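The values are calculated or read from the model by the stated rules, or taken from the named source; none is laboratory data. The model shown is predicted, which means the values in this text are computed figures rather than measured ones. FYI the Cβ positions are ideal-geometry reconstructions off the backbone, even for glycines, and counts take in every protein chain you see.
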């Protein structure tokens, strides 16, 4: 008998329903089960893997699925790249308002900002904004080179206490991350906490943190992903990533923050979906998966906080 992951998940849920395995009925336990069901629901059509971490920096509470599995960054690394520029500027190590030029040799696919400004150039700050808001690939490469290359960004993550995330190549080569690859990868648990350190820790001074946060809010590439599952009156920002068919998989990513207001703590998240095929239909299904993660974030925020988190779930 061949036991597939779907069989295993379905059998586990059936055993729990039958009373053989007592299901965790705590608020966090139900949310963890919902994430497993989101992954299982798309298994027939996409055969994919969902990795997600929902993290509350104020309390250290978290819930997720496949939190420690490695996934490729795709363009989601650009959030950290923009943060690194702002951090170096604040420390006096680089002038973010220095103007730089580039040429046709620097151009790669998806260049909405750099194509328009190829004759006049731009400041490093403008390149960082374009990198985050429009996901401009040449802007990311030009900025990454100016800051010391992939090793420098990996070093920035290490300085934040992130010992997992790494970047090894430039665009577009860094999108070539088949399952099992270590280059240009992170984990949901690591990245959710890195987002938290950048936006709610001391990695950036207040002015730079506010600027980065605003760029994330203005980023529209995630409108149909996690943010689509959140209440419209909540403040949220993100950075997405998408890579086409690589080693029989395609990757859909969304990392960011949620501020629900009304005195409730902020949330950071990192969600990755690795599908077993590609195409418009797959993209729509993958975005639906990430939207459903947004709904789980809403329930995480609105959970009953009087009930303590069981030890079996991650706390930091």
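Annotations
- Candidate set from the stretch 263-280 (those that are over 20 Å from the mean Cα position of the chain (by Cα) and without any contact (Cβ under 8 Å) to a residue 60 or more places away in the chain); member that is farthest from residue 251 (Cα to Cα): 263
- Applying the condition of being in contact with a helix residue (DSSP H, G or I) (Cβ under 8 Å, 6 or more places away or on another chain) and surrounded by fewer than 24 Cβ atoms within 10 Å (Cβ to Cβ) to the stretch 66-80 and asking which residue is nearest to residue 268 (Cα to Cα) yields 67.
- Across the stretch 291-307, the number of residues qualifying as exposed (fewer than 12 other Cβ atoms within 10 Å of the Cβ) and either modelled with pLDDT of 70 or more or under 14 Å from residue 62 (Cβ atoms) (or both) comes to 1.
- Taken over the stretch 163-196, the criterion of being closer than 21 Å to residue 65 by Cα, in contact with a helix residue (DSSP H, G or I) (Cβ under 7 Å, 6 or more places away or on another chain) and surrounded by fewer than 20 Cβ atoms within 10 Å (Cβ to Cβ) is satisfied by 164 alone.
- When 229, 237 are checked against the criterion of being within 30 Å of residue 87 (Cα to Cα) and modelled with pLDDT of 95 or more, a single residue qualifies: 237.
- Residue identified as surrounded by fewer than 24 Cβ atoms within 10 Å (Cβ to Cβ), modelled with pLDDT under 95 and touching a helix residue (DSSP H, G or I) at 6+ places or on another chain (Cβ under 8 Å) among 29, 10, 18: 10
Listed here are the residues, each with its yes/no results for (1) surrounded by 15 or more Cβ atoms within 10 Å (Cβ to Cβ); (2) at pLDDT below 95; (3) farther than 17 Å from residue 81 by Cα.
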| site | (1), (2), (3) |
| --- | --- |
| 98 | no, no, no |
| 102 | yes, no, yes |
| 106 | yes, no, yes |
| 110 | yes, no, yes |
| 115 | no, no, yes |
| 118 | yes, no, yes |
| 123 | no, no, no |
| 128 | yes, no, no |
| 134 | yes, no, no |
